[in-house]
Amino acid sequence: MIGNLRTVDDSLFIETAEGVALRGSRCADCGAYTFPYQGGCPRCTGDSMIEVPLSRTGTLWSWTVQGFRPKPPYTGTADSYGVGYVELPGELIVEARLTEADPERLRIGMPVELVLVPFRTDESGVDVHTFAFGEARHD
Amino acid sequence: MTDVAIVGIGMHRFGRTDGVSGRAQAVHAAREALRDAGLRFSDLRFGFGGSHSAGDADTLVSELGLTGLPFINVANGCATGGSALIAADAAIRSGQHDLGIVIGFDKHPRGAFNTDPAEHGIGAWYGETGLMVTTQFFGMKIQRYLHDTGIDPAVLATIAEKAFRNGARNPMAWRRKEISAAEIAAAPMISHPLTQYMYCSPGEGAVALVLCRADRAREYTGRPVLLRSAAFRSRRYGSFEVFAPWLAAERADSPTVEASRAAFEAAGIDPSEVDVAQVQDTESGAELMHLAETGLCAHGEQEKLIADGDTELDGRLPVNTDGGCIANGEPIGASGLRQVYENVLQLRGAAGAHQVPGEPRVGFTHVYGAPGISACTVLTR
Ligand SMILES: [Zn+2]
């Protein structure tokens, strides 16, 4: 459980004062980021990775729309959904589902923010959540 | 060091052959390649081969002959055929062996590949939430590329149209019916901006090549083709690859850039000298991007190249002359060797209805695949 939500994999998330964030790692030696957390640094090949929450906002780097229901191991409810890569400034570019699946409403460079969304229900009918990015709200 | 020649080529038709196993297709290809070189299996001194999902290549000896030769299985995803070829090249070039065979074959179930994230060291969540889908990667790579270069997305349908047109002229191809660019563009969207007819499908097929030291090639064929180089590269930090839950903020060249550069350098041949090229066209956007990544043209130049007909059979730089992956499908273990087979046909002047005019001398092949690998060859006659 993350907050009050059941998730697909709790190890992907970290709770912060600003809300739930993706749990990544940053290399203490060279500053490279990864997602999810991993012990080895793919940039400098060292093993001094530190657990860090990743930025909850970014910009859309690329996107597509999944047009047909994927084969297993996909377990989601939706047959069609948006997918994108989101650039988190100064950190990395993370792949995620998008809350928007209309090509007319997606464009490279648009500001987006992290949300947890239900993508299926478990055996007892409880929503299981994953991370996604949606158009950033103006605060 | 000796040079390496390809003196025999054999293929089992690509597509769907119900009732014929992948192994049987491989045996057929091997016997065709041996026949082409005028050899028996007992003449061979080594074998390298593999398939992704149709069995171990070394078990083919039970059908081809129990001669005691060292037959080594190669399992390297989309570069299985290319890696087998690299191993054979090294065995001959080093003087270890004079004459041997490489075999690539496969038989995949219908529909898109479904891959277990655990095999790629990725958590189960990646598959469960619908991100372990190769077609998405190609959609997002071309989406970003079109954004960066300003190339008109309409070119994607033009590329697929050419693939089907060339496939229609190739008796060994799977898809042999021409499809218009308009119909391709209007087909169901698989992964925006790519439609169903812009993608290749997993399929079946087999290819075998007999290789020997170049100074003995004339003993087996009147039309030897030299394998001038074969190179393989994996991904660097910062490149954008299939099955990537994240990318580095900084960008690096793709393995395609590095493998093709290595192949051209080892061959002592410039990309501008290529007369016929087979590049990985998992979907039509891949052909577009790989044309520039391999050095065959500059980034952004493809749109004019294609509009001018340069990549057609009778163009300045014919590309995917056998219909490519789009018209042949992608049996993983055989796909890279299909490209080499096609270039040997072209350099021999034996490609029939899909022959490139003007007696081509230099052929180039390029494979790209998961998890971010590329294998390239340069052939000359
Ligand atoms: Zn580091």
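Go through the range A:41-58 and give me each residue that's crowded, with 17+ Cβ neighbours inside 10 Å, away from the ligand (no atom under 16 Å from the Cβ) and either touching a residue at least 40 places away in the same chain (Cβ under 8 Å) or part of a loop (DSSP other than H, G, I, E, B) (or both).
Correct list: A:Leu54, A:Ser55, A:Arg56, A:Gly58.
Taking the conditions exactly as written (open to solvent by 10 Å² or more (accessible area, probe 1.4 Å), within 16 Å of the ligand (Cβ to nearest atom) and either touching a Gly at 6+ places or on another chain (Cβ under 6 Å) or at positive phi (or both)), does A:Gly90 satisfy them or not?
yes
Which ones in the range B:1-27 are hydroxyl-bearing (Ser, Thr, Tyr) and more than 22 Å from B:Asp58 (Cβ to Cβ)?
B:Thr2, B:Thr17
May I ask you to say which residue of A:Gln66, A:Gln38 is within 11 Å of chain B (Cβ to nearest Cβ) and open to solvent by 60 Å² or more (accessible area, probe 1.4 Å)?
The unique qualifying residue is A:Gln38.
Could you please give the count of residues in the range A:17-40 that are among the β-branched types (Val, Ile, Thr) and more than 15 Å from the ligand (Cβ to nearest atom)?
1
Can you pull out the residues in the range B:90-111 that are open to solvent by 20 Å² or more (accessible area, probe 1.4 Å) and more than 8 Å from chain A (Cβ to nearest Cβ)?
Of everything in the range B:90-111, those that are open to solvent by 20 Å² or more (accessible area, probe 1.4 Å) and more than 8 Å from chain A (Cβ to nearest Cβ) turn out to be B:Ala90, B:Arg93, B:Ser94, B:Gly95, B:Gln96, B:His97, B:Asp98, B:Lys107, B:Pro109, B:Arg110.
Tell me which residues, restricted to the range B:9-61, are assigned to a helix (DSSP H, G or I), among the small types (Gly, Ala, Ser) and modelled with pLDDT under 95.
Matches in the range B:9-61: B:Ala57 only.
Somewhere in the range B:206-215, is a residue farther than 24 Å from B:Gly81 by Cα, assigned to a helix (DSSP H, G or I) and either in contact (Cβ under 8 Å) with a residue 40 or more places away in the chain or open to solvent by less than 20 Å² (accessible area, probe 1.4 Å) (or both)?
The answer is yes; a qualifying residue exists.
Picking from A:Tyr81, A:Tyr85, A:Tyr74, A:Tyr33, which residue would you name as being surrounded by 20 or more Cβ atoms within 10 Å (Cβ to Cβ), farther than 30 Å from B:Met189 by Cα and within 9 Å of chain B (Cβ to nearest Cβ)?
From the options A:Tyr81, A:Tyr85, A:Tyr74, A:Tyr33, the qualifying one is A:Tyr33.
Within the range A:105-139, can you find the residues that are touching a Lys or Arg at 6+ places or on another chain (Cβ under 7 Å) and open to solvent by 40 Å² or more (accessible area, probe 1.4 Å)?
A:Val126, A:Asp127 - these are the residues of the range A:105-139 that are touching a Lys or Arg at 6+ places or on another chain (Cβ under 7 Å) and open to solvent by 40 Å² or more (accessible area, probe 1.4 Å).
Restricted to the range B:112-136, and to residues that are in a helix (DSSP H, G or I) and at the interface with chain A (Cβ under 9 Å from one of its Cβ atoms), which residue is nearest to A:Leu60 (Cα to Cα)?
Of everything passing the filter in the range B:112-136, B:Gln136 is nearest to A:Leu60 (Cα to Cα).
Can you tell me which residue is farthest from B:Ser83 (Cα to Cα) among those in the range B:247-287 that are among the hydroxyl-bearing types (Ser, Thr, Tyr) and open to solvent by less than 40 Å² (accessible area, probe 1.4 Å)?
For the range B:247-287, the residue satisfying everything is B:Ser284.
The values are calculated or read from the model by the stated rules, or taken from the named source; none is laboratory data. Note that the coordinates shown come from a computational prediction; the quantities given were computed from them, not determined experimentally. A quick note on method: Cβ atoms are made from the backbone with ideal geometry, for glycine too, and the neighbour counts reach across all protein chains shown. Side chains included, ligands, DNA and RNA excluded: accessible areas come from the protein's heavy atoms. Shrake-Rupley method; radii C 1.70, N 1.55, O 1.52, S 1.80 Å.
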